């Protein structure tokens with residue numbers, strides 16, 4: 001085969017520098033809902049057929065079943081070949097951003113950091129994934145050792161005396177802590193008397209909600225003028241009815257409460273216990289701990305500070321640390337070591353029992369263990385310091401943006417995150433925080449307002465963790481600055497965003513209308529038909 | 001002694017020059033400036049005592065793999081362990097999809113930049129809805145225990161009544177979790193079972209049920225593996241007394257066994273571990289709750305419910321939160337229980353599983369499991385001294401095997417099996433003393449005739 005002689009063009013043409021803003025466009029596969037992809041007769045996987053001797057010996061497996069229990073028609077699932085199932089889900093995955101793809105600092109309070117691939121790979125080993133929770137202990141010494149060692153590490157990180165890894169996530173860990181607190185007061189005959197739980201408006205909603213499920217009356221401390229949980233309000237709330245204070249520090253504002261020990265003392269003096277929500281521990285590793293501030297219990301989210309992937313919203317993993325006095329109430333079983341081998345202790349008469357099936361989300365325990373092992377004490381301190389440096393760097397830059405502010409504690413440094421406000425921008429331009437988020441999607445990034453209620457008006461919470469580079473932070477700021485400029489000069493483009501996303505403006509009304517909402521495809525089909 | 005400054009691969013700004021430049025940019029001398037608000041009295045004044053780090057990935061892999069090597073996985077042996085966590089085949093595409101960075105490393109994104117997760121989870125709800133023959137399914141909760149606890153609390157809120165009746169065949173673990181979860185507002189009472197069949201004692205149920213009963217809960221299949229053949233009648237008794245009928249199911253059975261909605265179930269709940277999730281030493285669970293599409297049910301879900309809607313572009317699907325104001329995200333303690341991170345990726349995985357299996361796959365796997373169980377039961381029942389205590393009741397994938405006639409304990413039998421490279425069933429003698437020396441065996445589609453014959457032979461030998 002001969003090639004035509006190429007035309008001589010000389011030196012390569014220089015590509016112009018990239019513009020400051022990424023010309024992003026998200027994948028838009030316009031993908032149907034999976035039921036629309038069904039093609040009669042196609043198969044995705046074939047289950048293994050039982051051998052003929054089994055089939056013969058079994059006879060009619062339904063002969064002892066009443067008619068009501070024998071399914072008459074097969075479930076109306078889609079029929080698809082394997083490639084088509086895979087392709088559908090790969091397309092949907094491309095219509096999603098994760099930490100690996102975007103500067104994921106717009107989801108403050110969630111500690112969106114890099115989840116090392118090597119840890120995923122290790123967790124996928126059949127030496128973990130194919131273990132049954134009831135195997136003989138001699139065949140699970142490796143995973144028990146990982147759990148035991150991770151507990152030891154977390155004990156040192158929070159300074160408390162025992163740790164359980166059983167809760168399935170952070171909110172479940174809050175519930176486990178409040179259940180232990182309830183058991184503690186009951187053990188002293190004060191279960192009924194102590195019916196109040198105190199929390200603060202800038203703590204995660206689950207502190208209030210889980211304590212309510214545990215049967216408590218909730219008292220919420222508002223922020224004071226400086227943004228701290230109001231100490232005077234605490235003094236007014238604390239009484240001999242106080243079961244516990246559930247609080248975080250720093251709160252979602254990122255402002256460290258220097259009087260935290262005073263809060264704890266006040267509650268202790270009234271006979272209450274103190275629980276430290278350490279979902280936001282990332283900026284404090286090796287700096288200050290639950291122990292030093294006097295807390296009785298605390299919890300970590302392994303999927304936040306300890307790097308395990310967030311999985312679109314789980315599987316997560318929660319870890320509770322407790323003082324010696326609280327240890328008898330830990331969930332069953334605990335992981336123990338007798339000097340030779342690891343075992344599970346089920347004989348715990350004062351335990352609150354189970355908070356989850358089996359022992360917890362083991363894959364995330366292994367990942368968290370590997371993450372701590374890859375950093376050590378010095379590395380964890382570096383995590384905290386860089387997370388805090390990144391946050392203060394970002395704070396400086398965001399405050400330069402027209403219309404943005406960081407309420408409370410003016411001029412003070414923040415720890416790992418900041419709750420900002422676009423109040424000025426909104427009143428100047430009519431563009432709301434939520435819309436800034438829609439527009440941010442056009443530049444390939446994720447943005448979230450904040451937890452409700454919006455105590456800070458038009459809120460935005462950024463938590464830049466240690467995973468992001470200076471360039472990443474600069475890029476995010478450039479995006480925000482651009483959107484703020486648009487709000488002032490061409491608000492329409494923000495109001496009508498997103499433009500470069502997978503989808504366009506979604507009609508929200510149906511989600512709150514029982515006649516129109518459709519949580520499943522079959523409900524959607526039924527309601528559509530009825531409408532016609 | 002000056003040591004080389006470590007630049008951490010996971011921390012880009014740990015490069016000293018970058019750190020310096022960033023400090024300068026914010027007028028800080030050192031990082032310590034940012035911690036100025038933390039009083040000295042609550043500082044940790046020493047370095048944390050943690051193991052020396054394994055800085056290179058190679059060392060880390062070696063270390064962790066050495067730990068994992070101490071485990072023997074069910075894949076390296078022949079396991080018949082179940083009790084709510086079962087070895088099923090996980091199709092490769094399930095693992096492929098849940099390994100994707102875009103799904104694995106995303107979190108609580110919004111419908112615009114994370115359309116994919118909204119659609120995938122809406123489809124999960126929709127696929128489960130077909131399996132369950134119900135119109136509303138939630139985004140997964142932590143596990144089947146949590147789903148049960150919440151289903152009972154929902155029944156409590158709907159009826160305004162305090163008592164939940166549960167069969168005495170539930171596992172003490174589940175009872176422990178559920179009791180701890182609902183006890184501030186509700187009472188759990190157990191309804192005894194007929195020791196010959198395992199089925200609920202309906203006379204006892206009729207005696208126990210009252211105007212205070214919020215829910216009658218059954219499991220189908222039960223923890224002990226049998227199918228509750230009186231389910232329809234139990235539902236009628238519940239309804240006659242104004243109670244909600246809550247049914248826990250193993251979704252992998254639903255290709256062949258009727259879903260609760262078809263015999264009077266008001267709320268279905270359970271665990272999706274059987275649908276494409278590895279056992280993970282008990283870490284592979286996620287829970288579902290399903291109801292009819294009626295406001296009285298929908299309003300009581302604590303979980304996210306993703307719904308489909310139109311967008312401003314013709315022919316485009318958008319997704320979002322249905323009835324968000326019921327959640328603790330919206331209204332803190334005034335919401336229904338709480339919502340938070342739970343097990344979304346496992347929901348996406350189960351969706352992939354159901355799409356791969358299709359209607360035919362679900363029928364075949366259900367039937368194939370029941371055939372294998374019948375085969376195993378038939379063979380084991382012939383072993384001298386071995387009995388199947390609930391023989392007359394149909395089973396799905398688990399069944400109790402009794403060793404009283406062998407004069408041996410389950411512990412002794414299992415020890416003998418273990419020496420032959422088999423994991424025998426879970427010992428029931430402590431939790432269900434009325435069943436004597438019995439163990440709970442689990443047989444699934446992964447077991448071949450040769451596996452089952454090997455089990456029978458090993459038990460025969462162990463029973464001698």
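The values are calculated or read from the model by the stated rules, or taken from the named source; none is laboratory data. Worth saying up front: this structure is predicted, and the values here are computed from it rather than measured. Here the Cβ is made from the backbone with ideal geometry for all residues, glycine too, and neighbour counts use every protein chain on show.
Structure values in brief
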| read-out | value |
| --- | --- |
| Among the candidates A:218, A:174, residue that is facing another protein chain (nearest Cβ under 10 Å), closer than 18 Å to residue A:451 by Cβ and touching a residue at least 60 places away in the same chain (Cβ under 8 Å) | A:174 |
| Verdict on residue A:494 being more than 30 Å from residue B:128 (Cα to Cα), touching a residue at least 40 places away in the same chain (Cβ under 8 Å), in a loop (DSSP other than H, G, I, E, B) and more than 12 Å from every other protein chain (Cβ to nearest Cβ) | no |
| Residue identified as in contact (Cβ under 8 Å) with a residue 60 or more places away in the chain, out of contact with any strand residue (DSSP E or B) (no Cβ under 9 Å at 6 or more places or on another chain) and crowded, with 17+ Cβ neighbours inside 10 Å among A:85, A:99 | A:99 |
| Search result, residues across region A:409-448 that are assigned to a loop (DSSP other than H, G, I, E, B), within 14 Å of chain B (Cβ to nearest Cβ) and buried (at least 22 other Cβ atoms within 10 Å of the Cβ) | A:414, A:415, A:416, A:417, A:445, A:446, A:448 |
| Looking only at region B:340-373, and only at residues there that are more than 7 Å from chain A (Cβ to nearest Cβ) and closer than 27 Å to residue B:399 by Cβ, the one that is farthest from the chain's Cα centre (by Cα) | B:373 |
| Contacts under 6 angstrom Cβ, first residue in region A:312-328 being farther than 30 Å from residue B:278 by Cβ, partner at pLDDT 95 or above and in a strand (DSSP E or B), 6 or more apart | A:322/A:162; A:322/A:297; A:326/A:297; A:327/A:162 |
| Test: residue in region B:295-312 that is within 11 Å of chain A (Cβ to nearest Cβ), assigned to a loop (DSSP other than H, G, I, E, B) and without any contact (Cβ under 8 Å) to a residue 24 or more places away in the chain | yes |
| Residue in region A:449-469 that is in contact (Cβ under 8 Å) with a residue 60 or more places away in the chain and more than 23 Å from the chain's Cα centre (by Cα) present | no |
| Residue within region A:146-153 that is facing chain B (nearest Cβ under 7 Å), without any contact (Cβ under 8 Å) to a residue 24 or more places away in the chain and either surrounded by fewer than 24 Cβ atoms within 10 Å (Cβ to Cβ) or outside any helix (DSSP H, G or I) (or both) present | no |
| Every residue from region A:278-293 that is more than 7 Å from chain B (Cβ to nearest Cβ), out of contact with any strand residue (DSSP E or B) (no Cβ under 7 Å at 6 or more places or on another chain) and at pLDDT 95 or above | A:282, A:283, A:284, A:285, A:291 |
| Residue under evaluation residue A:331, criteria (1) away from chain B (no Cβ under 12 Å); (2) under 17 Å from residue A:182 (Cβ atoms); (3) crowded, with 24+ Cβ neighbours inside 10 Å, criterion not met | (1) |
| From A:24, A:62, residue being assigned to a loop (DSSP other than H, G, I, E, B) and touching a strand residue (DSSP E or B) at 6+ places or on another chain (Cβ under 8 Å) | A:62 |
| Selection within region B:176-196 - away from every other protein chain (no Cβ under 11 Å), assigned to a loop (DSSP other than H, G, I, E, B) and in contact (Cβ under 8 Å) with a residue 12 or more places away in the chain | B:192, B:195, B:196 |
| Residue in region A:65-82 that is nearest to the other protein chains (Cβ to nearest Cβ), counting only those that are surrounded by fewer than 18 Cβ atoms within 10 Å (Cβ to Cβ), assigned to a helix (DSSP H, G or I) and free of Cβ contacts under 8 Å to residues at least 12 places away in the same chain | A:68 |
| Enumeration of residues in region B:61-104 that are over 12 Å from residue B:444 (Cβ atoms), within 7 Å of chain A (Cβ to nearest Cβ) and in contact (Cβ under 8 Å) with a residue 24 or more places away in the chain | B:83, B:84, B:91, B:93, B:97, B:103, B:104 |
| In region B:266-280, residue farthest from the other protein chains (Cβ to nearest Cβ) [restricted to those that are farther than 22 Å from residue B:292 by Cα and out of contact with any helix residue (DSSP H, G or I) (no Cβ under 6 Å at 6 or more places or on another chain)] | B:273 |
| Sole exception among (1) more than 22 Å from the chain's Cα centre (by Cα); (2) farther than 18 Å from residue A:113 by Cβ; (3) within 11 Å of another protein chain (Cβ to nearest Cβ); (4) buried (at least 23 other Cβ atoms within 10 Å of the Cβ) for residue A:392, by number | (2) |
| Set B:333, B:337: member being facing chain A (nearest Cβ under 8 Å) and on the phi > 0 side of the Ramachandran plot | B:337 |
| Complete set of residues in region B:158-175 that are touching a helix residue (DSSP H, G or I) at 6+ places or on another chain (Cβ under 9 Å) and part of a helix (DSSP H, G or I) | B:158, B:173, B:174 |
| Members of region B:129-152 found to be part of a helix (DSSP H, G or I) and more than 8 Å from every other protein chain (Cβ to nearest Cβ), listed by number | B:132, B:147, B:148, B:149, B:150, B:151, B:152 |
| Exclusive hit being under 22 Å from the mean Cα position of the chain (by Cα), within 14 Å of another protein chain (Cβ to nearest Cβ), part of a strand (DSSP E or B) and in contact (Cβ under 8 Å) with a residue 40 or more places away in the chain, set B:219, B:228 | B:219 |
| Residue match in region B:113-128 (condition: facing another protein chain (nearest Cβ under 8 Å), in contact with a helix residue (DSSP H, G or I) (Cβ under 7 Å, 6 or more places away or on another chain), more than 29 Å from residue B:278 (Cα to Cα) and in a loop (DSSP other than H, G, I, E, B)) | yes |
| Condition check for residue B:323: surrounded by fewer than 24 Cβ atoms within 10 Å (Cβ to Cβ), touching a strand residue (DSSP E or B) at 6+ places or on another chain (Cβ under 9 Å) and on the phi > 0 side of the Ramachandran plot | yes |
| Output for region B:7-22, where each listed residue is in contact with a helix residue (DSSP H, G or I) (Cβ under 9 Å, 6 or more places away or on another chain) and more than 7 Å from every other protein chain (Cβ to nearest Cβ) | B:7, B:9, B:21 |
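Listed here are the residues, each with its yes/no results for (1) surrounded by fewer than 24 Cβ atoms within 10 Å (Cβ to Cβ); (2) at pLDDT below 95; (3) in contact with a helix residue (DSSP H, G or I) (Cβ under 6 Å, 6 or more places away or on another chain).
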position	(1), (2), (3)
B:209	yes, no, no
B:212	yes, no, no
B:215	no, no, yes
B:226	no, no, no
B:229	yes, no, no
B:239	yes, no, no
B:242	yes, no, no
